[in-house]
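Enquirer: Would you mind keeping the following structure in view while I ask a few things?
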Amino acid sequence: MTETSPLDKATTQRLVVLAADLAREAGDMVRRGRPRDVVVAATKSSPIDVVTAMDLASEALIRARIAAVRPDDGILGEEQGLLPGSSGITWVIDPIDGTVNYLYGIPAYAVSVAAVTGPPRPDAWTVVAGCVHSVADGRVWTAGLGKGARCDGSPVQVNDPVPLAQSLLGTGFGYTADRRRGQARVVAALLPQVRDIRRIGSAALDLCTLASGGLDLYYERGLQPWDLAAASLVAQEAGALVLGLRGVPADEAMTVAGPELTVRALVALLEDLDADRDEPADPTV
Ligand code: IPD
Ligand code: CA
């Protein structure tokens, strides 16, 4: 457990309960409504960065519920952007994290709901409450700032640090070729130095798996606020240090999470590798 919340205990707890209710309700819809053949409704940063009708429906449901019970709060969602509020609290939501898994029927996708104070950006916000609901198997991770992290109601804790050579790392890849070229170079350099690497396909589930001891470390370049908000609080409240490179907070440039000792070692390695740099195609090739 870390800082104390800028909100009183009762308010923080109410936000945790609401985050969990919203994630469960949207998760039920996502699970029950999954057609045999999921189709792509739109694409975003590249032709493989897909949106399904269920991403849109899940976000619409969560937005409608928040508007009904907390009409003064802002909402930032992956599919519909920012609706500013006046209460100082913004909900940051990923209606389906792991959309490609959802598309292919791989059971690793989640609904992620967080409440933050301050500007809804990773370098400026304080995440006060969060819930990540793993839709296919029903697991629910919750966290409140200063109140610890739980999975299905039981406290969770990250693993004790082990040397990098014995650490199981989670990571993920972006959707553009320039980013992936850089990420491939970094993975190639890390793989011989660690126990192994997992690519689960949902950043929120990566961070929650880390929180529950199913990974020793996690790093990824390219996370968006909705990938990070709820799950970073779960990881942090489970004892992880969640950092960026070069002294800045975790954000799109880089997120590294795990027990302090090994996070610092991995950060140093990633900085040496310039892992926060994309790699444009060589025009001469
Ligand atoms: C993606 C997943 C994936 C991660 C990508 C994210 P989406 O989110 O979290 O694991 O590697 O960086 O964009 O597109 O499924 O919501
Ligand atoms: Ca996402």
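Quick grid of which residues meet (1) away from ligand 1 (no atom under 16 Å from the Cβ); (2) in a loop (DSSP other than H, G, I, E, B); (3) on the phi > 0 side of the Ramachandran plot:
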| residue | (1), (2), (3) |
| --- | --- |
| Q157 | yes, yes, no |
| G172 | no, yes, no |
| Y175 | no, yes, no |
| D178 | no, no, no |
| G214 | no, yes, no |
| Y219 | no, no, no |
| A230 | no, no, no |
| G239 | yes, yes, yes |
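Enquirer: Kindly indicate whether I106 is under 20 Å from G33 (Cβ atoms), surrounded by fewer than 22 Cβ atoms within 10 Å (Cβ to Cβ) and of a type in the set (V, I, T).
Expert: Here the answer is yes, as I106 does meet what is asked.
Enquirer: Have a look at V50, V39, V30 and point out the one that is crowded, with 18+ Cβ neighbours inside 10 Å and at pLDDT below 80.
Expert: Matching residue, one of V50, V39, V30: V50.
Enquirer: Here's a check for you: in region 140-182, which residue that is in contact (Cβ under 8 Å) with a residue 40 or more places away in the chain and among the basic types (K, R) is nearest to D278 (Cα to Cα)?
Expert: For region 140-182, the residue satisfying everything is R179.
Enquirer: Could you go through region 242-255 and let me know if any residue there is crowded, with 24+ Cβ neighbours inside 10 Å, more than 14 Å from P122 (Cα to Cα) and under 11 Å from the mean Cα position of the chain (by Cα).
Expert: Looking for residues that are crowded, with 24+ Cβ neighbours inside 10 Å, more than 14 Å from P122 (Cα to Cα) and under 11 Å from the mean Cα position of the chain (by Cα), one finds none in region 242-255, hence no.
Enquirer: Tally time: how many residues in region 54-96 are crowded, with 19+ Cβ neighbours inside 10 Å, of a type outside the set (V, I, T) and under 18 Å from the mean Cα position of the chain (by Cα)?
Expert: Here the count works out to 10.
Enquirer: Surrounded by fewer than 19 Cβ atoms within 10 Å (Cβ to Cβ), outside the structural domain of K44 (by TED's automatic domain parsing) and either under 17 Å from T142 (Cα atoms) or within 16 Å of ligand 2 (Cβ to nearest atom) (or both) - does that describe any residue in region 205-213?
Expert: Scanning region 205-213 turns up at least one residue that is surrounded by fewer than 19 Cβ atoms within 10 Å (Cβ to Cβ), outside the structural domain of K44 (by TED's automatic domain parsing) and either under 17 Å from T142 (Cα atoms) or within 16 Å of ligand 2 (Cβ to nearest atom) (or both).
The values are calculated or read from the model by the stated rules, or taken from the named source; none is laboratory data. Just so you know, these numbers come straight off a predicted model, no measurement behind them. FYI the Cβ positions are ideal-geometry reconstructions off the backbone, even for glycines, and counts take in every protein chain you see.
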